[in-house]
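K.L.:
Input: one structure, supplied below.
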Amino acid sequence: MRSCSTPTRSWPAQGDDLLLSYLALVDEWRRFPAMDPQLPRDVLSVWIGRRAADTFVILRARWLPSAYKRWLEVAELTAPTISIGTLPFMFRLLT
């Protein structure tokens, strides 16, 4: 899987590569609150976490629509029915 550390790196291909990259991005983001010292910007102005947060927002906005579309395709191929309750939380915001 490609590194997602900055929004200027190459994007994952559509389909499974993008879906898996999106899921990895969200999984990595779950660790962020435990690392954030919650200090004011003037105390910790150069903390890399601010750039990481900006990168997450950019990548999520760019990847979410296609990742969601692929998730629905996979669900349709592998499950007899799909309902809102079966979607992962990260996708429920779109419905």
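K.L.:
For the range 20-66, how many residues are exposed (fewer than 11 other Cβ atoms within 10 Å of the Cβ), charged (D, E, K, R) and not in a loop (DSSP other than H, G, I, E, B)?
P.N.:
1
K.L.:
Would you pick out the residues in the range 36-71 that are small (Gly, Ala, Ser), at pLDDT 90 or above and either touching a Ser or Thr at 6+ places or on another chain (Cβ under 9 Å) or more than 18 Å from Trp11 (Cα to Cα) (or both)? Break it down stepwise before answering.
P.N.:
Keep residues of the range 36-71 that are small (Gly, Ala, Ser), which gives 45, 49, 52-53, 61, 66-67.
Cutting the leftovers down to at pLDDT 90 or above gives us 61, 66-67.
Matches in the range 36-71: Ala67 only.
The values are calculated or read from the model by the stated rules, or taken from the named source; none is laboratory data. Just so we're clear, the structure is a prediction, and the values are computed from it rather than from any experiment. Counting neighbours? That spans all protein chains shown, and the Cβs are built from the backbone with ideal geometry, glycine included.
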